[in-house]
């Protein structure tokens, strides 16, 4: 990362973006997109592989990851790499991480991974790091600077001094609306590293940050939240095109804060609705275009999914592959200056009350 | 050709000739949906029946619609695994029954036709079915054969030269809309309130159907009728399991061929590998890979073998397939694209037998053999 990056010629190929954004994820779309300088990567997240007892895992979560991997392998041409967005495991055990890693090993493209809190709080990421390597890092690919953060850290006192057992620590952090929980944060050490890492990057280079939790504050009780979000955002502020892609929320969200575009990815395990206690404030909150229907309890893949992403314009465009639902594309709208759903942005849809 | 109409015919008062008729459903079925642009008339139905049974509309003069949709076999070609067209050519799919197809939201195993009208035109020109090059030979016959000339005149008010495939399709579809059948022992028990209509085993099987078997999630039942289909498409591990390792090769190749203009109807019936792509071949939708339409369960006991490829011989084997979580033989690998909802059921032998007994109680009287009629209904 000693050299400066130049903007890529593919930033001019706006026509490709239009094609991607008007079609659902299909092999045809990918196979017949203009190949030249573009690249795509796949993003799979939040599989929550859960160990029941010796050799037994929750079938539903297994099937979600198996299917996403198999479908990713069908993409032609192949994605340049596959990101896994965190929460591979449910309670961070070796059995869960090994089982999940075994499924991810079937990917036929290089794998990169993000740390989730469910992977971390049993052994503080030790076994995960043995399997997948460093917990935060950066890399450059075809003119884009990618950064991976471990955004699910918290106060040392909570992590090291509060809990009698590692298992209890894991369980407390896994809970929702749990008064014993603690807000996520990137932390000073990583922020210092990030500042140095970004110092070497030209300000017109597209920057894409991958984190597990949103680097913005949405809802604290479910840790749809990163406590030092503003400080990380400040480091991204000098860049013309900064993008943050996060998992954790198990639903489609997108937002714009200044120059930074935020996009979430779907889970392969289960969907979250918005928290019932969530109240939409005026600013800094993701656009909720269509409330997601509750998953069909029989069709277990309903309201889960994975996504293909391109950075053709220096902004992140996500094509969501959704089961039992219409595929959706959330692409950066350059006229509006923020991400927008290519189909539903201006359509006010009533939620399907029959499901509630 | 025996017509086995059991439905109620209602001639709409005030309708001018040809009289339009609406069809009330038999016990257990709703009224038959009839498209506004193709009202049912006795003349049109009779014409459709004649077209349905005419072997001249095939390249060899030996195959009619009725060849694979035989009235004596509940409008299937049971026990054939996959259908036999001209020159004994076999396709890739098991002939679905026409009975109650009037209620389906789409036609063919992969739903590639939206309605009966559209569906009716394709087998004529499929190389492994009736094998015509195009529809011209059909039009030639119906424009010259005096019976057809009269029939089309009465049904549509058209002169011979003005007869088109649109008329042919509408007539066949109108006939098919009369092929509805309910009034099974289950219907008499569940909707009719006859407590003796179904055997004890079948009653126990119905409980398995609703609960541990999870069958009703796709083979749906409503308050006042039951179509036994959700009209959706699911990957249940039939067919696709066989080619699962080849999918990364087959799927992109098929889409490339399709983009270059290959006819989906012909491709899926002639190539066994493409056939297993299922609904994906129609929509390109990744989440429909290996998915096929939920078939109705009505008259299922007389339409063996089962699944889109006829790969499962008996109703018991079908239950075992689901009980194994989407594989016919326990221990086989299920495909990665399996639909959510398909998982091991842990049904015991008694539950499996009861479920089969329940499905045997779904046979309508006009499609039951005398033996079946005697054994399926009532307590013996």
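Can you spot a residue in region B:60-73 that is more than 20 Å from residue B:301 (Cα to Cα), touching a strand residue (DSSP E or B) at 6+ places or on another chain (Cβ under 6 Å) and not assigned by TED's automatic domain parsing to the domain that holds residue B:280? No, there is no match, as no residue in region B:60-73 is more than 20 Å from residue B:301 (Cα to Cα), touching a strand residue (DSSP E or B) at 6+ places or on another chain (Cβ under 6 Å) and not assigned by TED's automatic domain parsing to the domain that holds residue B:280.
If the condition is being under 19 Å from residue B:276 (Cβ atoms) and within 12 Å of chain A (Cβ to nearest Cβ), then region B:326-356 contributes B:326, B:333, B:334, B:335, B:336, B:337, B:338, B:339, B:342. Does region B:260-275 contain any residue that is in contact with a strand residue (DSSP E or B) (Cβ under 8 Å, 6 or more places away or on another chain) and either under 30 Å from residue B:131 (Cβ atoms) or surrounded by 17 or more Cβ atoms within 10 Å (Cβ to Cβ) (or both)? Among the residues of region B:260-275, not one is in contact with a strand residue (DSSP E or B) (Cβ under 8 Å, 6 or more places away or on another chain) and either under 30 Å from residue B:131 (Cβ atoms) or surrounded by 17 or more Cβ atoms within 10 Å (Cβ to Cβ) (or both), which makes the answer no. When residue B:194 is tested against (1) part of a helix (DSSP H, G or I); (2) under 22 Å from residue B:27 (Cα atoms), only condition (1) is not met. Of all residues in region B:24-41, which are without any contact (Cβ under 8 Å) to a residue 60 or more places away in the chain and in contact with a strand residue (DSSP E or B) (Cβ under 7 Å, 6 or more places away or on another chain)? Passing the criteria: B:24, B:31.
Kindly evaluate residue B:228 against the criterion of being at pLDDT 95 or above, within 13 Å of another protein chain (Cβ to nearest Cβ) and under 30 Å from residue B:190 (Cα atoms). Considered against the rule, which asks whether it is at pLDDT 95 or above, within 13 Å of another protein chain (Cβ to nearest Cβ) and under 30 Å from residue B:190 (Cα atoms), residue B:228 comes out as no.
Looking at this structure, is residue A:217 touching a strand residue (DSSP E or B) at 6+ places or on another chain (Cβ under 9 Å) and surrounded by fewer than 21 Cβ atoms within 10 Å (Cβ to Cβ)? Criteria met by residue A:217.
For region B:69-119, a tally of residues being under 22 Å from residue B:270 (Cβ atoms) and free of Cβ contacts under 8 Å to residues at least 60 places away in the same chain returns 15. Suppose the filter is on the phi < 0 side of the Ramachandran plot, touching a helix residue (DSSP H, G or I) at 6+ places or on another chain (Cβ under 8 Å), away from every other protein chain (no Cβ under 12 Å) and modelled with pLDDT of 95 or more; does residue B:323 pass it? The answer is yes for residue B:323.
Is it true that residue A:91 is part of a loop (DSSP other than H, G, I, E, B) and over 18 Å from the mean Cα position of the chain (by Cα)? Judged against the criteria, residue A:91 is a match. Counting only helices (runs of 4 or more DSSP H) that sit completely within region B:95-169, those holding 3 or more residues that are more than 29 Å from residue B:73 (Cα to Cα) correspond to B:136-144, B:146-156. Evaluation of residue A:100 against the conditions (1) touching a residue at least 12 places away in the same chain (Cβ under 8 Å); (2) within 25 Å of residue A:208 (Cα to Cα); (3) in contact with a strand residue (DSSP E or B) (Cβ under 8 Å, 6 or more places away or on another chain) shows that the sole unmet condition is (2).
For region B:269-296, filtered to residues that are under 22 Å from residue B:102 (Cβ atoms) and away from chain A (no Cβ under 14 Å), the residue that is farthest from the chain's Cα centre (by Cα) is B:292. So which residues in region A:37-78 are facing chain B (nearest Cβ under 10 Å), in a loop (DSSP other than H, G, I, E, B) and in contact (Cβ under 8 Å) with a residue 60 or more places away in the chain? Once the filter is applied, which keeps residues that are facing chain B (nearest Cβ under 10 Å), in a loop (DSSP other than H, G, I, E, B) and in contact (Cβ under 8 Å) with a residue 60 or more places away in the chain, region A:37-78 yields only A:75. Going through (1) part of a helix (DSSP H, G or I); (2) within 12 Å of another protein chain (Cβ to nearest Cβ) one by one, residue B:266 falls short only on (2).
Considering the conditions (1) surrounded by fewer than 21 Cβ atoms within 10 Å (Cβ to Cβ); (2) at negative phi; (3) outside any strand (DSSP E or B), residue A:151 is excluded by exactly one of them, (1).
Taking into account only those residues within region B:233-257 that are surrounded by 19 or more Cβ atoms within 10 Å (Cβ to Cβ) and assigned to a loop (DSSP other than H, G, I, E, B), which is nearest to the other protein chains (Cβ to nearest Cβ)? Going through the qualifying residues, I end up with B:235.
Scanning region B:337-353 for residues that are within 27 Å of the chain's Cα centre (by Cα) and part of a loop (DSSP other than H, G, I, E, B) yields B:337, B:338, B:339, B:340, B:341, B:342, B:343, B:345. Each residue in region B:297-316 was checked for being out of contact with any helix residue (DSSP H, G or I) (no Cβ under 8 Å at 6 or more places or on another chain) and either under 24 Å from residue B:28 (Cβ atoms) or within 12 Å of chain A (Cβ to nearest Cβ) (or both), and 1 pass.
If you go through region B:153-164 and keep only what is crowded, with 17+ Cβ neighbours inside 10 Å and under 27 Å from the mean Cα position of the chain (by Cα), you end up with just B:155.
The values are calculated or read from the model by the stated rules, or taken from the named source; none is laboratory data. Quick caveat: nothing in here was measured; it's all calculated off a predicted structure. Here the Cβ is made from the backbone with ideal geometry for all residues, glycine too, and neighbour counts use every protein chain on show.
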